[in-house]
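Worksheet: the structure to be examined is printed underneath.
The values are calculated or read from the model by the stated rules, or taken from the named source; none is laboratory data. Treat the numbers as computed from the prediction; the structure is a model and nothing was measured. In this analysis, Cβ positions are derived from the backbone assuming ideal geometry, glycine residues included, and neighbour counts consider all displayed protein chains. Heads up: the accessible areas ignore ligands, DNA and RNA and are worked out on the full protein's heavy atoms, side chains in. Shrake-Rupley method; radii C 1.70, N 1.55, O 1.52, S 1.80 Å.
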Amino acid sequence: MLIPLFKSIWSRILPTSLVTISLMASMVLLLSIERIQQGAEEGFNQSISGVDAIIGPRSSSLELVLYTVFHLGRPTNNITTKTIDEIKLRNDIDWIVPIALGDSHKGFRVIATDSNYFEHIKYGSNKSLKVSEGRIFSEISEVVLGADVASKLNYKIGTSIQITHGSSESIGSKHDDFSFIVTGILDKTATPIDQAIFLDLRGYELLHLGWQSGRKVFSLDNIDLSAIPEDDLNPKTITAAFVGLKSQLTLFNFTKSIREYPSEAISAVIPGIALSQLWSIVGLVDKGFELLSWIIIAISLIAMITLIIASLENRKQEMTIYRANGASPIFLGGIVIYEALIIGLVAIVGAILIVTIVTYFATNQLNLALGITPSFKLVSLGEIRIFTIILLAGVLSSLIPAIMVFRKNLHQTLG
Amino acid sequence: MLKTTGLKYLYKHGKTIEFPDIEIETGQRLLISGFSGCGKTTLLSLIAGALRLQEGSINFNDTDYSDMSSMSLDKFRADHIGYIFQTLNLIPFLNVSENIALGIKFSKNRKSKVSDMHQEIERLISSLGLEKEILNTAIDNLSVGQQQRVAVARALLGKPDLILADEPTSALDNDTTKKFLDEVMNTFDPSHQAIIMVSHDLSIAPYFDTVLDFNKHNAHSII
């Protein structure tokens, strides 16, 4: 019976194709949103990796993650390097990377840190930070640029830059008494690292020697920089510190003991947990798109049923001949349901193939442009569930024309 | 073989038709003639089991239609009856061979009588004056006369007991009608089959054993 069924569909190929394509397109939309959402969530959660905890002043964990990982917002307090030095002595610590935030350059955040940052801080699926040009800073007057900073400002190795105090370029806030030289440009990571400028903590400390309470008190032009004691350039406070533990098993004990640290009000945040909490807020937007996709699928199913009902009049001859040769009205209703099933299956298979092929070829571009890695797989369990629901909905809604055919042929003559 | 008694049918528009009783045995050829709207197609549909009985009875080979459900009647029709329409007998997107094969599609009984379907189809179309080459032809490429012959082949495939034909020659000219009926009567097997044909054209009466003229016999409308 399949051959006559396919031939029947083929005889109405134009309207059937249009409906199938419409259904397929709506499924491509749903599938794409699903996969991009998964990839975006994965990419979001992997904005930073390899870090077990982030130590900062006691505040909300989301706030700490926002300004240390995403460079959003302003830290309200600092923590002392004395505390960090004490924590470094703990047995469970593998490494600590301090960071200081607060300055900027032409809208891009400046992150003061040490060279260990580039060794321990990773992104994505534990990928290491690498320079595409030049090298990591080794002197206090050197900076490393994130990929987007270099490309947007057209900076190259050897470019001289001056840092702005704070995040705005208002008059009087520039550290115009000291320039930094670009020595390295990082590879594109599709994370907030691309929009950051990195310099040595001692260079950051030097910049702020002549500053008090957010205002320049004296210029560095007036002092002999070579005469500054080494110790004076070691920062007394930092914004936060990234921590790597020797064993993940000690993580919760570690965060608890940091929270209970007696000498200073600090806390430790587990980035994975905080990022998931953040995503559950940010990810709500995707739910809206998902709802829209389902609406579009519903509209496509209605179009399919409308087409099938409209075609019934043209198929009167076909139905009557089947009936005359012994087909029951149930058989005729079944033909209608099978047709809906075929259209649904073709649309589903087509959607899966299209999305998989596009994902395969566009993964790299999406990752570089948006930090999204859509999951490349033929079909997941969740998607199978979605498609089963769509197929069932299509078959159930085809019961309407099937019952119409059944009732019509129950009482019709063969004339 | 077939006996109808006291058949009446009430149409949706309120008209009721009372049909004359019919009795036909194997080998017999019955022509039913009458004006348009006198209920000839309704009678054939009742005999074919496509319309439920409202009043009266039909007995076919000792099977009483009133004891049967709609599904059983559909199966019965598939097993025992071959049906030919006036026109539009064939499904346009199937080729000749596929259209003919529909005759046994819904009947295991008729299928079992055909050991080699392709061979049997070729035999039927040859005896109906068609070339074997048309088997893979699209229906649109056939003349009306050829299409009617293909419809007859389908109705005869698997040797159903009764052939019902509803005005099969209306769309044919006189010469083609004569040729068509010659071939149909030569191909139909009087040792196993009977034929009931409906037509308003009484000139074909010589091809039949019995003529039931609805204009003259008891078929009349009851308002």
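For the A and B pair, go ahead and give the buried accessible area with a 1.4 Å probe, both sides summed, in Å² to 100. Write out the running numbers ahead of the final one.
Numbers: alone 20620 and 10850 Å², together 29180 Å².
Approximately 2300 Å² gets buried when A meets B.
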Which lysines does A:Lys130 reach when only Cα atoms under 30 Å apart count, and residues fewer than 8 places away in its own chain are ignored? A:Lys88, A:Lys106, A:Lys122, A:Lys152, A:Lys156, A:Lys174, A:Lys188, A:Lys236, A:Lys246, A:Lys377
Out of residues 5 or more away from A:Arg109 or on other chains, whose amide H comes under 5 Å of its own, with H placed 1.01 Å from N in the peptide plane? A:Ile197
Nearest-10 value in Å² for the accessible area of B:Asp173, using the 1.4 Å probe: 90
Tilt, helix B:96-105 to longest principal axis of chain B (alpha-carbon atoms), in degrees rounded to tens, equals 50
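Using unit Cβ charges (K, R positive; D, E negative) and no other charged atoms, how large, in debye to the nearest 20, is the dipole of the range B:2-222 about its Cα centre? Mind dumping the intermediate values first?
Values: 22 positive and 28 negative charges, 95 e Å.
Computed charge dipole of the range B:2-222: roughly 460 debye.
Across the residues of B:73-79, average count of Cβ atoms on other protein chains within 10 Å? Please list the in-between numbers first.
On the way: counts 2, 9, 2, 1, 7, 5, 1.
So the per-residue partner count for this stretch is 4.
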Run through the DSSP bridge list for the range A:126-200 and note the antiparallel percent, rounded to the nearest 5. 70
Can you pull the percent of Cα pairs in chain A with separation above 41 Å? 39
Over the range B:2-222, with neighbouring protein chains present, the accessible area per residue in Å² at probe 1.4 Å is 43
Positive end of the charge dipole of chain A (Lys, Arg +1 and Asp, Glu -1 on Cβ, about the Cα centre): tell me which of A:Ile273, A:Tyr117, A:Ala303 has its Cα farthest that way. A:Ala303
Most fluctuating of B:Pro92, B:Pro190, B:Pro160 in the GNM of chain B (C-alpha, under 10 Å) is B:Pro92
What dipole magnitude, in Debye to the nearest 20, does the range A:70-150 give about its Cα centre under +1 on Lys/Arg Cβ and -1 on Asp/Glu Cβ? 260
Given charges of +1 on the Cβ of Lys and Arg and -1 on the Cβ of Asp and Glu, with all other atoms neutral, how large is the dipole of the protein assembly as shown about its Cα centre, in debye to the nearest 20? 1080
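Go through A:262-273, A:125-136 and give me the packing order, highest mean Cβ count within 10 Å leading.
On the way: A:262-273: 16.8, A:125-136: 13.9.
The densest-packed peptide leads the list: A:262-273, A:125-136.
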Rounded to 10°, Cα long-axis angle of helix B:117-127 versus longest principal axis of chain B: 80
Quick check for you: which residues of the range A:246-265 have the amide N under 16 Å from the point 7 Å beyond the Cα of A:Glu86 toward its beta carbon? A:255-265
For the range A:375-407, run through the trypsin sites (Lys or Arg not before Pro) and keep only the ones in DSSP coil with at most 16 other Cβ atoms within 10 Å of their Cβ. A:Lys377
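If you count only protein heavy atoms with a 1.4 Å probe, what accessible area per residue comes out for chain A, rounded to a whole Å²?
Values: 19470 Å² over 415 residues.
Roughly 47 Å² per residue, with all protein chains present.
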Keeping every protein chain in place, order A:Tyr117, A:Tyr204 by accessible area at 1.4 Å, biggest value first, i.e. largest first. A:Tyr204, A:Tyr117
In the protein assembly as shown the accessible area split gives carbon plus sulfur, as whole percent at 1.4 Å, a share of 57
Can you give me the long-range amide H partners of B:Leu212? Hydrogens built in the peptide plane at 1.01 Å from N, cutoff under 5 Å, separation of 5 or more residues or another chain. B:Leu31, B:Ile32, B:Ser33
Charge dipole of the protein assembly as shown about the Cα centre (unit charges at C-beta), most positive-ward option of A:Pro75, B:Met68, B:Leu202: B:Leu202
List the longest stretch of chain B that has no exposed loop site; here a site is one of the GluC sites (Glu not before Pro) assigned by DSSP to anything other than H, G, I, E or B, with at most 16 other Cβ within 10 Å. B:26-130
May I ask for the distance between the Cα centers of the range A:16-44 and the range B:51-75, given as a whole number of Å? 53
Helix runs (DSSP H) in chain A reaching 20 Å along axis by Cα, Kyte-Doolittle at least -0.5: A:13-45, A:284-314, A:329-370, A:381-397
Under 14 Å Cα-Cα from A:Lys7, which aspartates and glutamates qualify once same-chain neighbours fewer than 8 residues away are excluded? A:Glu318, A:Glu339, B:Glu98
Report B:Met68's accessible area, 1.4 Å probe, all protein chains in place, as a number in Å² to the nearest 10. 30
Please name whichever of B:Ala151, B:Ala165, B:Leu10 sits farthest to the positive end of the charge dipole of chain B, dipole taken about the Cα centre and charges placed at Cβ: Lys and Arg +1, Asp and Glu -1. B:Leu10
In order over the range B:134-148: 3J(HN,Hα) from phi, Karplus 6.51/-1.76/1.60, θ = phi - 60°, whole Hz, x for each Gly or Pro, gives 7, 4, 9, 7, 6, 4, 4, 8, 9, 6, 4, x, 5, 4, 5
Env charge @ A:Leu72, Cβ radius under 15 Å, K,R +1 / D,E -1, value 0
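Suppose accessible area is computed on protein heavy atoms with a 1.4 Å probe; arrange A:Met24, A:Met319, A:Met404 from highest to lowest.
Descending order: A:Met404, A:Met24, A:Met319.
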Around A:Thr237, which amide H atoms from residues at least 5 apart in sequence, or from another chain, sit under 5 Å from its own amide H, with H modelled in the peptide plane? A:Thr81
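Please give me the summed charge of the neighbours of B:Leu7: other residues whose Cβ is under 14 Å from its Cβ, Lys and Arg +1, Asp and Glu -1. Walk me through the numbers on the way to the answer.
Values: positive: B:Lys3, B:Lys8, B:Lys40, B:Arg52; negative: B:Glu18, B:Asp21, B:Glu23, B:Glu55, B:Asp64.
Neighbour charge sum, excluding B:Leu7 itself: -1.
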Cα centroid separation, the range B:125-178 to the range A:88-115 (Å): 91
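Tally Lys/Arg at +1 and Asp/Glu at -1 over every other residue whose Cβ is under 10 Å from the Cβ of B:Glu55; what's the total? Intermediate values should be presented prior to the final figure.
Working: positive: B:Lys8; negative: B:Glu18.
After counting each charged neighbour, the total is 0.
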With every protein chain in place, what's the accessible area of B:Thr187 (1.4 Å probe, Å², nearest 10)? 20
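How many Cβ atoms of partner chains, on average, are near each residue of A:326-336 if near means within 10 Å of its Cβ? Could the numbers behind the result be given before it?
Details: counts 22, 6, 9, 4, 3, 4, 0, 0, 0, 0, 0.
Averaged over the peptide's residues, the number is 4.
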Within 10 Å, count the other beta carbons around each residue, average over each peptide in A:192-198, A:87-93, and list them highest first. A:192-198, A:87-93
Over the alpha carbons of the range A:13-128, what is the largest minus smallest coordinate on each principal axis, giving the biggest first in Å? 77, 35, 26
Within the range B:144-223, which chymotrypsin sites (Phe, Trp or Tyr not before Pro) sit in a loop by DSSP and count at most 10 neighbouring Cβ atoms inside 10 Å? none
Per-residue mean of C-beta atoms belonging to partner chains within 10 Å, peptide B:101-107: 4
Between the modelled labels at B:Glu55 and B:Thr87 (7 Å from Cα along Cα→Cβ) the distance in nm is 3.5
Within straight cross-link reach of B:Lys178, meaning Cα distance under 26 Å, which lysines are found once same-chain residues fewer than 8 apart are removed? B:Lys40, B:Lys132, B:Lys159, B:Lys216
Find, among the chymotrypsin sites (Phe, Trp or Tyr not before Pro) in the range B:6-69, those assigned to loop by DSSP (not H, G, I, E, B) with at most 15 other beta-carbon atoms within 10 angstrom. B:Tyr11, B:Phe35
Yeah, chain B with a ≥ b ≥ c from its alpha-carbon gyration tensor (a/c under 1.5 is rounded, else prolate when a/b outruns b/c, oblate otherwise) is prolate
Can you tell which of B:Met185, B:Met71, B:Met117 shows the greatest fluctuation in a Gaussian network model of chain B with Cα springs below 10 Å? B:Met71
With a 1.4 Å probe and all protein chains in place, put B:Thr26, A:Thr363 in order of accessible area, largest first. B:Thr26, A:Thr363
Step through the residues of the range A:47-55 one at a time and calculate ³J(HN,Hα) from phi using the Karplus curve (6.51 cos²θ - 1.76 cosθ + 1.60, θ = phi - 60°), rounding each to whole Hz and writing x for Gly and Pro. 4, 9, 9, x, 9, 7, 8, 10, 9
